[in-house]
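Colleague: Sharing a structure, written as C-alpha cells. Questions coming.
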Amino acid sequence: MTQLESNLKVLDLLEPLDAEVMKRVDACFADSPRQPAGKSVAAASGEAVAVIASPVGPLRLRANAQGLSAIEFAARARPAAIKGGDDTTRTHLKKAQTQLGEYFAGRRRDFNLPLAASGTEFQQRCWQALMDIPFGETRSYADIARAIGQPKAVRAVGLANNRNPLPIVVPCHRVIGADGSLTGYGGGLKAKRWLLALEQGSGE
C-alpha cells in the first residue's frame, strides 16, 4: 500500500466534515497564490509563461509541451507577453489566453485546451470531477467525494480542491460549503463571487 493509499484509508474512516470545519480546511489555503512547488516566477526550462489581465486580477499562465500546466493568481504582477518555450508551448498559451478572454467576456462556457496539471491519481480524479460540474452550477465537497466513489473522503477532497493548479479552467470556484457559504478560494472570495456571478448571468 502506498503512502497516499494509506492516508486515504485513514481519511475514509472519518466522518464527513460539517460546514464549519470545511471552512477551516479552506482557510489554510485561502488568498494564497497557487504556484507549483519548486518553481519560481520565471519560466522553467522548456516552459512558456505569460501574465494576462483579467476581471479577477492578473493571472500567470504556464505551459509545457503537453499543455497548460498552471494558472496562478498573481496580484502584484503586471501583464507580460509570452516568455520562454518553443512553438508548441507558446501555442498552448496563446490558445489559453484566447479562451480565457472569451470566458471572461461571457462568450465561452467550456474550455477546449490540452491540460498538463501535475498531481496524484487521487487529485486527478477530484479535478476531473470539478470539470464535470456544469457551467452555472455548484457542488459541495461531499458531492465531489461521492462523485469519485469515496463518499467519506471529504477532507482529502477539500485538500485536492485547494491544490488545483488550473483554477477557472478546472472550476474549483464551483465548490461551495454544504450550507451554501462560499468557503475559501486561492484567488480570494471576491474573485470566487465574481466568477460565480458571471456564470449565473450577472457578472459585475
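FYI, it's all coordinate maths here, none of it is from the lab. Quick caveat: nothing in here was measured; it's all calculated off a predicted structure. All Cβ positions, glycine included, derive from the backbone under ideal geometry; neighbour counts span all protein chains shown.
Colleague: Assign one of three labels to segment 47-87, namely rounded, prolate or oblate, based on the Cα gyration tensor with a ≥ b ≥ c the square roots of its eigenvalues; rounded applies when a/c is under 1.5, prolate when it is not and a/b is larger than b/c, and oblate otherwise. Working shown, then result.
Modeller: Working: a/c = 2.85, a/b = 1.82, b/c = 1.57.
In terms of gyration-tensor shape, prolate.
Colleague: Lys and Arg at +1, Asp and Glu at -1: add these up for the other residues within a Cβ distance under 14 Å of GLU137 and post the number.
Modeller: For residues surrounding GLU137, the net value is -1.
Colleague: What is the Cα convex hull volume of segment 77-199 when expressed per residue in Å³?
Modeller: Per residue, the Cα convex hull of segment 77-199 comes to 119 Å³.
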